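Below you'll find the structure, written out as structure tokens, and then a few comments.
Please treat every number below as a calculation from the coordinates, not as lab data. Quantities reported herein were computed from a predicted structural model and do not represent experimental measurements. As a convention, Cβ positions derive from the backbone with ideal geometry for all residues, glycine included, and neighbour counts pool all protein chains shown.
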Amino acid sequence: ENINPTIIVIFGGTGDLNSRKLGPALYNLYLEGFMPEKFELIGTARSNLTDANYCDFLEDGIKNFSRKGKALKKDWQKFTKHVSYTPADIKDPESLITLKNKIEKIQEEFGPDTQVIYYLAVAPKFFSAIADSLHKYGLAGDKDHTRIVIEKPFGHDLESAQELNQMLKQHFRERQIYRIDHYLGKEAVQNIMAFRFANSLFEPLWNRNYIEHVQISVSESIGVEDRGGYYDGAGALRDMIQNHLLQLLCIIAMEPPTSFDANEIRDRKVDALKSIRKFTNDSVRKNAVRGQYTDGWINGVEVPGYRSEKDVNPESNTETYAAIKFNIDNWRWQGVPFYLRTGKRMQQSSSIITIQFKDVPHQIFQNESVETWQQNRLIISIQPEMSIRLQVQAKRPGLKMVLNPVDMIFDYKGAKHTDTPEAYETLLLDVMTGDQTLFMRVDQVEYAWELLMPILNHWENKTSISFPNYTSGSWGPEEAEALIAKNGFFWYSLP
Ligand code: BG6
């Protein structure tokens with residue numbers, strides 16, 4: 001692809017995200033020949049590092065976290081010719097002017113088409129100040145050649161998200177703003193679009209006539225790790241449902257777009273969000289379950305309860321698990337519940353989407369020879385396994401007419417797992433080429449918050465909950481089993 005000369009400035013350049021994700025992603029893009037010929041990566045943070053220090057920092061991250069960590073030394077040497085570090089502190093105008101001068105000097109060398117990408121890999125409390133400074137010191141004056149990338153969390157609730165959007169709007173056009181939801185960059189998630197809209201086979205079935213219910217389950221066995229400070233003020237609903245899980249819901253529920261154009265696709269996703277039934281206090285009580293983990297065992301290792309984690313309030317009522325039943329009020333989905341659940345310290349790390357089809361209208365086989373429960377199921381597994389399984393009934397070979405379920409599996413063989421680009425590679429490449437399809441538009445973010453506000457408010461006001469209520473290493477609280485069992489279903493997980 002023909003990408004203009006590019007300068008990427010990473011704020012939070014010495015942070016965890018840069019080390020684990022951005023550095024490795026940019027290096028892999030470089031190794032695979034996707035970086036433009038002229039590019040410069042400028043790390044910036046408050047610490048005083050030399051260029052060499054910074055390269056060492058990146059190299060460590062790449063060795064530990066990159067799928068191509070063992071690349072040849074000479075490639076690394078070549079890559080580092082494009083890397084430098086400039087300390088910058090938003091409270092120190094001098095430092096920003098130095099950064100500006102540096103960028104301008106590179107622009108002169110690279111030519112007039114040079115684009116500048118500011119990546120805000122920092123805590124959200126710095127978003128505003130950085131965006132303001134970029135404007136104030138003239139680093140973001142050229143609207144056609146400047147982009148800004150923002151990491152989640154995008155706001156803490158509807159109001160703060162709106163404020164953030166307002167603030168960004170003062171200095172940037174929407175087409176310059178790239179709000180990251182890294183789930184959208186995952187290979188298996190992108191494939192759902194291909195699966196739904198490049199095949200004629202499934203679309204006729206993709207509606208209330210044939211689908212009974214949908215489950216979206218993202219379970220993690222990890223706890224809050226060293227992010228207690230952030231997580232305790234957020235919780236599972238804000239951390240996962242507001243963004244990743246609702247985005248998955250949109251991809252499953254959206255109407256077919258008329259083209260693969262970024263705004264067309266995002267319009268259809270917004271339509272889906274708008275069709276979700278609004279919650280009331282009463283429906284929150286009936287349809288939303290929260291949980292918090294207590295100590296327990298995971299894979300033979302004893303782990304502490306949430307309230308004993310580092311930087312977590314010992315009396316915290318923050319949810320580490322959430323399960324919610326959504327209803328979608330439109331022609332396609334009326335009466336088809338969408339169950340979403342996510343939690344930390346669960347038995348397995350696994351992200352799967354299950355589409356449960358309706359039963360056959362009339363069962364001709366003897367009861368004992370059929371699994372009486374729901375025979376046809378499509379399971380889209382995003383991670384760790386990347387696969388799509390279609391479960392159908394088949395006759396077990398033998399003299400008797402005995403049925404049992406079998407899976408037709410599409411499992412990405414041939415594309416070795418380690419060869420699959422990571423989400424951040426896809427997303428960074430899209431920022432460089434100017435493709436916003438996989439990024440959150442302003443209205444998507446705000447509709448998602450609006451939808452969840454009644455749940456957040458209800459939970460915040462009703463503090464008389466008996467947390468912790470699920471054991472680390474389990475599948476979550478019993479109430480979540482009850483939530484789905486009310487309709488005669490159960491949470492599905494891969495064997
Ligand atoms: C992040 C959340 O957005 O996604 C984390 O803040 C979570 O809490 C992570 O662990 C999960 O991402 P992945 O790619 O590991 O499924």
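In table form, for the structure just shown:
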quantity: Chymotrypsin sites (Phe, Trp or Tyr not before Pro) restricted to DSSP loop in segment 242-296 with at most 12 other C-beta within 10 Å; calculated: PHE260
quantity: Shape category assigned to segment 183-304 from the gyration tensor of Cα positions, a/c cut at 1.5; calculated: prolate
quantity: Shape category assigned to the chain from the gyration tensor of Cα positions, a/c cut at 1.5; calculated: prolate
quantity: Debye log10 I(q)/I(0) for segment 81-171, one point scatterer per Cα, at q = 0.12, 0.18, 0.20, 0.24 Å⁻¹; calculated: -0.40, -0.87, -1.04, -1.37
quantity: Under 5 Å, built H, 5+ apart or other chain: amide partners of ALA45; calculated: GLY13, THR86, ALA88
quantity: Ellipticity estimate at 222 nm from DSSP helix runs (n ≥ 4, -39,500 (n - 2.57)) divided over the chain, nearest 500; calculated: -9500 deg cm²/dmol
quantity: Amide proton proximity set for HIS156, modelled H, under 5 Å, gap of 5+; calculated: ALA161
quantity: Alpha-carbon centroid distance for the pair segment 205-221 / segment 421-495, whole angstrom; calculated: 14
quantity: Sparse-neighbour loop sites [trypsin sites (Lys or Arg not before Pro); segment 157-195; at most 12 other C-beta within 10 Å; DSSP]; calculated: ARG173
quantity: Backbone HN-Hα couplings from phi across segment 174-186 [Karplus 6.51/-1.76/1.60, Hz, Gly and Pro as x]; calculated: 4, 5, 9, 9, 10, 8, 7, 10, 5, 4, 5, x, 5
quantity: For segment 1-55, fraction of C-alpha pairs farther apart than 15 Å, in %; calculated: 50
quantity: Overall form of segment 26-112 per C-alpha gyration tensor (a/c, 1.5; a/b vs b/c); calculated: oblate
quantity: Long-range amide H partners of VAL9 with built H, under 5 Å; calculated: ILE42, ILE117, TYR118, TYR119
quantity: Cα centroid of segment 77-141 to Cα centroid of segment 259-317, whole Å; calculated: 35
quantity: Evaluated over segment 114-213, the Cα radius of gyration and Dmax, each in Å; calculated: 18.7, 58
quantity: Reachable aspartates and glutamates from LYS310, criterion Cα separation under 15 angstrom, eight or more residues apart if same chain; calculated: GLU225, ASP226, ASP232, ASP295
quantity: Straight-distance crosslink candidates among lysines, where the alpha carbon sits under 19 Å from LYS100 and sequence neighbours closer than 8 are dropped; calculated: LYS38, LYS91, LYS136, LYS143
quantity: Loop GluC sites (Glu not before Pro), segment 297-348, which have at most 11 other Cβ atoms in a 10 Å radius of their Cβ (DSSP); calculated: GLU315
